[in-house]
Amino acid sequence: PNRQGIMTEEDIHQLAQDYMGYFTRGADAQQAQFRAVETLWRLCRDDAALGFKVIWEAVNLVEADNMKALAFLGTGPLEDLINFHGGEMLGRLIEAARENANFCVALSCVWRNAVSEQAWGTLDGALPEIRASHGRVQAL
């Protein structure tokens, strides 16, 4: 972030890269990659729009066939975003899933017991049709 604490597009991209670097490197992750996990959690809690931007960026860094990486985003920051801001963010998340097959896969990885019944009902009602439109009929 710059001196005013505002994240630039470059900052967002770097945070997304560091977050996915944490996934790919595991125990060999660098300090910046460890910090990225906490930073993204905080963003998902405190700034839903910015958290969404970082997740969107991260989803677009992942190869389409890397289901584990997409699941890492679904069961991590997407669940956090839904838990902290479900009501205001669900529509935006569902639209993103319609627009982007990778995002659809990541959102499909959210665990039922990790989110509210209402949020799950909304996702469960929308995602099968969206997955089918992307040629992915099954849930992961």
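The values are calculated or read from the model by the stated rules, or taken from the named source; none is laboratory data. For clarity, every value in this text was computed on a predicted model and none was experimentally measured. Neighbour counts run over all protein chains shown; Cβ positions are idealised from the backbone, glycine included. Keep in mind that these areas ignore ligands, DNA and RNA; they rest on the heavy atoms of the full protein, side chains included. Shrake-Rupley method; radii C 1.70, N 1.55, O 1.52, S 1.80 Å.
Brief remarks follow.
- Amide H contacts of VAL110 (H built 1.01 Å from N, in plane; Pro and chain starts excluded): no residue 5 or more places away or on another chain comes under 5 Å.
- Whole-percent carbon and sulfur share, accessible surface of the chain, 1.4 Å: 49 percent
- Relative contact order (%) - criterion: Cα under 8 Å, at least six apart; region: segment 37-80: 43 percent
- Prolate/oblate/rounded call for segment 14-114, Cα gyration tensor, a/c under 1.5 rounded: oblate
- Taken per residue, the accessible surface of the chain reaches 55 Å², heavy atoms only and a 1.4 Å probe.
- Contact order normalised by residue count of segment 1-59, Cα under 8 Å, 6+ apart, percent: 36 percent
- Average Cα contact separation per residue, the chain, under 8 Å, 6 or more apart, as relative contact order %: 19 percent
- Sparsely packed GluC sites (Glu not before Pro) within segment 49-139, loop by DSSP, other Cβ within 10 Å at most 12: GLU63
- Of the whole protein surface, HIS134 contributes about 60 Å² of accessible area at a 1.4 Å probe radius.
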